[in-house]
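Reviewing the structure listed below.
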Amino acid sequence: MEKTLRLLIDGQLVDGAGTMPVINPATGAAFMRAARADTAQLDAAVAAGRRAFPAWARHSYAERRAYLERFADGVEARFEEFARLLTMEQGKPLDQARFEVGGTVAGLRYFAAQDIAPHVIRDTPEERITEHRSPLGVVAAITPWNFPLILLVVKLGPALITGNVVIAKPAPSTPLTTLLLGEVAADILPAGVFQTLADANDLGGPLSAHAGVAHVSFTGSTATGKKVLSSTIDTLKRFTLELGGNDAALVLDDADVAKIAPMIFNAAMVNAGQVCLAAKRVYAPRVLYDDLCKALGDLARRAVVGDGMEQGSQIGPIQNAAQYAKLVDYLAQAREEGTVVAGGEPLERGGYFIAPTIVRDLPHDARLVQEEQFGPVLPLLPYDDLDAAIAAINASEYGLGGTIWTGDPDRGEQVAALINSGTVWINRHLDLPFDVPFGGAKQSGIGRQQGLEGLLEFTQAKIINMAKA
Ligand code: ADP
């Protein structure tokens with residue numbers, strides 16, 4: 001019988017109402033179990049959060065900072081255990097898992113150091129009017145399966161330091177690192193301040209709709225994000241939605257193909273392409289198109305695909321069977337409607353592996369161009385006219401990120417101004433420092449995470465208006 005990780009509810013590590021197997025996507029076999037909460041445990045967690053909130057909110061920033069620093073120390077002390085568990089449940093190569101755990105520790109420390117001071121609007125002999133930022137209460141942090149730790153920390157850190165309490169609900173296929181965070185927190189944070197509820201994809205709705213929850217911070221697909229939005233209406237709760245994307249990499253005609261190809265490849269293939277901000281379609285000027293297709297194809301053929309626990313693996317498996325099936329379908333379309341430059345097939349071995357794939361000559365309306373593929377399958381489209389390429393990029397219902405690749409960064413900045421999305425990088429990708437907010441335009445989301453804006457999301461303005469005389 002495999003080991004089972006438990007839930008953290010009201011300061012206690014507890015069994016779930018049931019348990020569920022967690023599958024290692026590199027083998028397709030279960031390797032551990034997660035406690036599975038039911039709605040009674042959900043109610044108990046919300047009630048415990050509400051009991052814990054007033055005292056946590058009354059602590060000073062300095063007091064909360066001390067707790068969060070100890071929480072970061074606790075994760076750091078079990079660094080390698082977190083990294084290995086992350087690779088086993090999520091699939092990413094161990095060095096990428098270590099990078100994510102490093103970011104988790106750094107993120108907890110960064111947000112621990114933040115502070116929102118009251119803002120004096122008016123201070124005269126007669127009156128003083130100040131704006132304070134108050135915490136909201138119980139925050140539901142609902143996360144997806146591509147970055148189970150870091151996507152939780154960009155919610156957890158800002159929510160806790162500003163005085164909220166948090167219930168984390170991980171995706172059903174990657175619950176273990178979140179439950180391990182709960183184990184660490186059990187000895188460090190006051191009961192009810194941080195709690196974990198793993199589910200079989202059945203508690204996200206009841207948690208977002210729960211009358212005792214004040215804010216839902218959600219990262220996941222646009223379709224599920226819309227359900228979250230509608231479930232906040234009854235109690236007018238606050239929300240942050242980080243949703244899907246179909247980010248374009250736009251290559252300008254002054255770019256150096258040999259230099260940018262490895263960076264574009266990485267932008268598309270990191271975490272096996274399962275990144276909301278991954279490069280998901282490439283637009284290249286016709287003069288560079290053949291060379292870029294060839295360079296990316298060479299990189300795809302050379303990339304080492306394998307179990308993330310094996311030394312040297314660069315691209316791991318697809319995280320779960322449903323996503324794998326979706327990608328196998330995209331591969332069939334790519335072979336039918338376009339020209340496969342490299343890859344194009346699932347790999348015949350245990351687990352959910354597919355070959356990194358580069359596709360050219362697809363029509364603009366191909367599903368692989370129009371939809372979010374969320375995997376290591378990259379379409380390249382040629383353009384003759386830059387304005388038309390920008391129009392095609394902006395025609396998407398999404399607007400999360402995007403990149404411009406150019407020999408002239410200032411020209412890149414002018415082009416970036418024309419792209420309708422929350423972040424545009426020039427000659428770099430996935431640079432997401434904790435002091436810089438990120439979030440989506442259009443159907444890629446509402447609200448921001450990280451930076452000052454990301455902290456303010458978990459607070460509301462409160463005016464204190466005093467007559468002095
Ligand atoms: P995917 O479709 O890739 O599995 P989702 O966006 O559905 O991704 O999942 C992201 C997170 O949202 C997961 O933790 C999932 O369990 C949760 N979730 C699923 N359904 C709902 C819902 N109706 N309300 C809130 N969260 C949900």
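Annotation: the antiparallel percentage among DSSP beta bridges lying fully within the chain is about 50.
Only protein heavy atoms count here; under a 1.4 Å probe, PHE239 has an accessible surface of about 60 Å².
Between the amide H of THR403 and those of ALA248, ALA249, LEU250, TRP425, distances stay under 5 Å, these residues lying 5 or more places away or on another chain, with hydrogens modeled in the peptide plane.
For the chain, what does the relative contact order come out to in percent, with C-alpha contacts under 8 Å and a separation of six or more?
Details: 1104 pairs, mean separation 83.8, N = 469.
Over the chain, the number comes to 18 percent.
In order along the stretch 43-56, the Karplus-derived 3J(HN,Hα) couplings, from 6.51 cos²θ - 1.76 cosθ + 1.60 at θ = phi - 60°, round to 4, 5, 5, 5, 5, 5, x, 5, 5, 7, 4, x, 5, 5 Hz, and Gly and Pro are given as x.
Between ILE464 and ASP435, how high is the FRET efficiency from 1/(1 + (r/R0)^6) when r is the Cβ-Cβ distance and R₀ = 30 Å? Nearest 0.05. My answer for the efficiency is 0.60. Over all orientations, the stretch 248-433 has a Cα convex hull whose mean projected area works out to 10.2 square nanometres.
Looking at the stretch 389-469 from every direction and averaging, what is the projected area of its Cα convex hull in nm²? Don't jump to the answer; show the numbers that get you there.
Details: hull surface 32.3 nm².
The number I arrive at for the stretch 389-469 is 8.1 nm².
3J(HN,Hα) couplings calculated from phi for the stretch 327-342 with the Karplus curve 6.51 cos²θ - 1.76 cosθ + 1.60 (θ = phi - 60°) are, in sequence order, 6, 4, 5, 4, 5, 4, 5, 4, 5, 6, 9, x, 10, 7, 7, 8 Hz; Gly and Pro show x.
Report the charge-dipole magnitude of the stretch 12-75 in Debye, nearest 20, computed about the Cα centre from +1 at each Lys and Arg Cβ and -1 at each Asp and Glu Cβ.
Numbers: 8 positive and 6 negative charges, 38 e Å.
Dipole magnitude for the stretch 12-75 comes out near 180 debye.
Placing unit charges on the Cβ atoms only, positive for Lys and Arg and negative for Asp and Glu, gives the stretch 248-433 a dipole magnitude near 480 debye about its Cα centre. Taking every protein chain into account, the 1.4 Å probe leaves LYS326 with about 110 Å² of accessible area, to the nearest ten.
Annotation: the antiparallel percentage among DSSP beta bridges lying fully within the stretch 248-433 is about 20.
Considering only LEU362, LEU42, THR162, the residue lying farthest towards the positive end of the dipole of the chain is LEU42, judged by Cα position with unit charges set on Cβ. Counting heavy atoms of the protein chains alone, HIS59 has an accessible area of about 50 Å² for a 1.4 Å probe. A dipole drawn for the chain from +1 and -1 charges on Cβ atoms has a positive end, and of SER217, TYR330, PHE99 the residue lying farthest that way is SER217.
Phi angles of the stretch 350-355 translate, via the Karplus equation with coefficients 6.51, -1.76, 1.60 and θ = phi - 60°, into HN-Hα couplings of x, x, 10, 9, 10, 6 Hz per residue; Gly and Pro are given as x.
Given Cα pairs under 8 Å that are at least 6 residues apart, what percent is the relative contact order of the stretch 34-174? Spell out each step's value before the answer.
On the way: 181 pairs, mean separation 41.8, N = 141.
Computed over the stretch 34-174, the figure is 30 percent.
Relative contact order of the stretch 419-469, taken over Cα pairs closer than 8 Å and 6 or more residues apart, is 25 percent.
Given 0.36 nm per residue, what is the gain on full extension from VAL14 to THR27 after removing their alpha carbon distance, in nm? Intermediate values should be presented prior to the final figure.
Details: separation 13, 0.36 × 13 = 4.68 nm, distance 2.88 nm.
So the extension gain works out to 1.8 nm.
Sorting ILE150, ILE404 by accessible area puts them as ILE150, ILE404; the probe is 1.4 Å, largest comes first, and only protein heavy atoms count.
So, by mean Cβ neighbours within 10 angstrom, what's the order for 407-415, 293-301 with the highest one leading?
On the way: 407-415: 13.9, 293-301: 20.1.
The packing order, highest mean first, is 293-301, 407-415.
Taking the average, over residues, of other Cβ atoms within 10 Å as the packing measure, peptides 138-144, 269-275 rank 138-144, 269-275 from highest down. If you count Lys pairs in the chain whose Cα atoms are under 14 Å apart, skipping same-chain pairs closer than 8 places in sequence, the total is 4.
The values are calculated or read from the model by the stated rules, or taken from the named source; none is laboratory data. Source: prediction; values computed, not measured. In this analysis, Cβ positions are derived from the backbone assuming ideal geometry, glycine residues included, and neighbour counts consider all displayed protein chains. Accessible surface is based on the protein model in full, side chains and every heavy atom, while ligands, DNA and RNA are left aside. Shrake-Rupley method; radii C 1.70, N 1.55, O 1.52, S 1.80 Å.
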